[in-house]
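Contents: one structure, followed by commentary.
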Amino acid sequence: MDTATSTSTMLLYAALLVAAAFIYAAFIRGRKRGLPPGPMGLPVVGSLLSLDPDLHTYFAGLAAKYGPIFSIRLGSKLGIVVSSPALVREVLRDNDLLFANRDVPDAARAITYGGDKDIVWNSVGPTWRMLRRVCVQEMLSPTGLEAMHGLRRREFRATLAHLHAAAMAGEPVEVGAQMFLTTLNVLTSTMWGGNVGTESERTVVGKEFRQLVSEITQMLGAPNVSDFFPALAPFDLQGIWRKSDALKARFDNIFARIIQQRVRTEEAGGKTPVDFLECMLKMEKEGGDGKAPFTMTNIKAMLMDMVVGGTETTSNTVEWAMAEMMKNRRILRKAREELDAVVGVDSVVEESHLPQLHYLHQVLKETLRLHPAVPLLVPHCPRADTTLAGHRVPAGTRVFINAWAIMRDPTTWSDPTEFVPERFEGRKVDFTGGELDYVPFGSGRRICAGIPMAERMMAYSLAMLLQAFDWELLPDHRLDLTEKFGIVMKKATPLVVVPTPRLSRAELYSAK
């Protein structure tokens, strides 16, 4: 390294240290100007060195010490954590629009084409409203979901046949991995009608997406120095932008193959399905809705949102539900008795049966209470200085809502750590965020757009697994319910079980 480069590097480090010192001094002064209480932290790094990898439980512990609202300095970034229904009401209801924006992590900005092209990370405005409207009206409306019923049924039948083959061979099944693949196939089929080519080509695309989603979620969940010290973001010290460019290139290649297949079908005079991709391509040709442009980049960003956001959340929830029921066989027997009464063993459960499976839905609600898919939700960010519970909240603060802690609060829930589906019997609580002590998908205008699809997928998956098979752990394997924190909550140890067919005839397991 030459002298000039060495001097420049030293000057950069000195400037950063000075800036950090000023930030820390401002933070100390801020304590006196009404910020919520919280750990003081160290100069420059704040509380970074004391963070526990399981952030949801770490934040719950701090809330027990400092109260349901506290502030925490993570590097040069200020975070505020809320852990009570009353505070959730202030953030997501009373001041919904003020808190509706996102503090976009560097990795999310990198992987979603800038953080302003998709639904999850986009600030509220004309573009976000257009994207959400397209998603909800075209794909996730009751009409849209019903139109794709046949595609979902096809994928579930294929899964049923695969599990039956494993059962006949005495092979164990990793529940989460199998449900991930099923969910992925359903989502991709819903988005572009499964019109990817041959069955083998569709399988290849599914496997490619699974690997891609795994790498993307891992990158999104990893600590990134650029988020703690935004002044360092241009240097991309951890190579996040370089990695995301490679991941996006792989996604673009898959997407390009699907588009090319669609174009070849049209040019050959074949009939193309009226699916979500077709609706988006039509809007792209029209240029938007008159209030905001709609480009090919928006299409790719939305597809990435749906694939990344809809697969692990759904499959992990089904895995947690199965694990909890295998721990408590009384609950499993009760859910299966309901299935036998509604469906029997001489036919296969269908989506049309789901409204009659009341106890099954209680099991799902209890699973998401105890193991919310996104335990801290997607952080909110106030667009202007405001107050929360009498405390000052500066514009740009990252506001975490600890849904995991709220739904385990002993002042709200009796025996909060116990898995008791019956607690929802007679209680008209759903996933729409109306009851602020139960917010597995959030609440307000930024509530998850995919709830109708997720609810249908989770219930259908769980019903199929319970109705068609008996399940046992492998010999000498114990059931482990330890959580692994991440952007999506996972089981630390995958649930691996052995299926045994229980339907009356083997032909019921046919993929057709």
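The values are calculated or read from the model by the stated rules, or taken from the named source; none is laboratory data. Not measured: the values here are computed from a predicted model. We place every Cβ from the backbone using ideal geometry, glycine too, and count neighbours over all the protein chains shown.
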In the range 6-39, how many are exposed (fewer than 11 other Cβ atoms within 10 Å of the Cβ), modelled with pLDDT of 60 or more and not charged (D, E, K, R)?
0
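Would you point out which residue out of LEU377, LEU436, LEU368 is under 30 Å from ARG157 (Cβ atoms) and aliphatic (A, V, I, L, M)? I'd like the intermediate steps shown before the answer.
Numbers: LEU377 fails: under 30 Å from ARG157 (Cβ atoms); LEU436 fails: under 30 Å from ARG157 (Cβ atoms).
Testing whether each residue is under 30 Å from ARG157 (Cβ atoms) and aliphatic (A, V, I, L, M) leaves just LEU368.
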Going by what's in this entry, would GLU351 be described as of a type in the set (D, E, K, R) and either within 30 Å of ASN101 (Cα to Cα) or touching a residue at least 24 places away in the same chain (Cβ under 8 Å) (or both)?
yes
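Answer with yes or no whether ARG423 is part of a loop (DSSP other than H, G, I, E, B) and within 23 Å of TRP320 (Cα to Cα). I'd like the intermediate steps shown before the answer.
On the way: part of a loop (DSSP other than H, G, I, E, B): no; within 23 Å of TRP320 (Cα to Cα): yes.
No, not satisfied.
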The conditions are (1) of a type outside the set (Asp, Glu); (2) assigned to a helix (DSSP H, G or I); (3) surrounded by fewer than 19 Cβ atoms within 10 Å (Cβ to Cβ); (4) over 23 Å from the mean Cα position of the chain (by Cα), and ARG133 fails exactly one of them. Which is it?
(4)
Six or more apart or on different chains, Cβ atoms under 7 Å: show the pairs whose first residue is in the range 124-151 and closer than 17 Å to ILE451 by Cα and whose second is of a type in the set (Ser, Thr, Tyr).
MET139/THR190; MET148/THR190
In this structure, is ARG154 under 15 Å from ASP305 (Cα atoms) and surrounded by fewer than 22 Cβ atoms within 10 Å (Cβ to Cβ)?
no
Kindly evaluate PHE431 against the criterion of being closer than 30 Å to ILE216 by Cβ, touching a residue at least 24 places away in the same chain (Cβ under 8 Å) and touching a Phe, Trp or Tyr at 6+ places or on another chain (Cβ under 8 Å).
yes
All positions within the range 426-458 that are part of a helix (DSSP H, G or I), under 18 Å from HIS371 (Cβ atoms) and hydrophobic (A, V, I, L, M, F, W, C):
ILE451, ALA454, MET457, MET458
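Tell me the residue from THR313, THR317 that is under 30 Å from ARG250 (Cβ atoms), modelled with pLDDT of 95 or more and buried (at least 24 other Cβ atoms within 10 Å of the Cβ), please.
Details: THR313 fails: modelled with pLDDT of 95 or more.
Criteria check complete, one pass: THR317.
Yes or no: the range 95-103 includes at least one residue that is farther than 18 Å from GLU351 by Cβ and either in a helix (DSSP H, G or I) or touching a Phe, Trp or Tyr at 6+ places or on another chain (Cβ under 8 Å) (or both).
Within the range 95-103, one or more residues are farther than 18 Å from GLU351 by Cβ and either in a helix (DSSP H, G or I) or touching a Phe, Trp or Tyr at 6+ places or on another chain (Cβ under 8 Å) (or both).
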I'd like the full set of residues that are surrounded by 15 or more Cβ atoms within 10 Å (Cβ to Cβ), among the aliphatic types (A, V, I, L, M) and out of contact with any Gly (no Cβ under 9 Å at 6 or more places or on another chain), limited to the range 390-428.
VAL393, ALA405, ILE406, MET407, VAL420
Kindly indicate which of ILE331, ILE254, ILE258 is surrounded by fewer than 23 Cβ atoms within 10 Å (Cβ to Cβ), in a helix (DSSP H, G or I) and modelled with pLDDT of 90 or more.
ILE331
Being under 25 Å from GLU418 (Cβ atoms) and at pLDDT below 95 is the filter here; which residues of the range 437-454 pass it?
ALA454
Answer yes or no as to whether THR188 is at pLDDT below 90, within 26 Å of the chain's Cα centre (by Cα), closer than 24 Å to ILE254 by Cα and among the hydroxyl-bearing types (Ser, Thr, Tyr).
yes
Condition first: in contact with a strand residue (DSSP E or B) (Cβ under 9 Å, 6 or more places away or on another chain) and not basic (Lys, Arg). Can you find one or more residues in the range 113-121 that meet it?
no
Under 8 Å between Cβ atoms, at least 6 apart or on separate chains: pull out the pairs that start in the range 462-491 with a residue that is more than 30 Å from VAL378 (Cβ to Cβ) and surrounded by 14 or more Cβ atoms within 10 Å (Cβ to Cβ) and end on any residue that is among the polar types (S, T, N, Q) and at pLDDT below 90.
none
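Quickly run through the range 104-123 and pick out the residues that are outside any helix (DSSP H, G or I) and small (Gly, Ala, Ser). Walk me through how you get there before you give the answer.
Within the range 104-123, the subset outside any helix (DSSP H, G or I) is 104-105, 112-123.
Correct list: GLY114, GLY115, SER123.
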Regarding LEU357, is this residue under 23 Å from the mean Cα position of the chain (by Cα) and among the hydrophobic types (A, V, I, L, M, F, W, C)?
no
For ARG109, are the conditions met, namely being at pLDDT 90 or above, more than 30 Å from HIS56 (Cα to Cα) and surrounded by 15 or more Cβ atoms within 10 Å (Cβ to Cβ)?
no
Does the range 53-70 include one or more residues that are under 25 Å from SER443 (Cα atoms), modelled with pLDDT of 95 or more, in contact with a His (Cβ under 8 Å, 6 or more places away or on another chain) and among the small types (Gly, Ala, Ser)?
no
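Looking only at the range 58-88, which residues are part of a helix (DSSP H, G or I), touching a residue at least 12 places away in the same chain (Cβ under 8 Å) and closer than 26 Å to LYS490 by Cα? Steps first, please.
Of the range 58-88, the ones part of a helix (DSSP H, G or I) are 58-66, 85-88.
Subsequent filtering for residues that are touching a residue at least 12 places away in the same chain (Cβ under 8 Å) retains 59-60, 62-63, 66, 85-88.
Passing the criteria: PHE59, ALA60, LEU62, ALA63, PRO85, VAL88.
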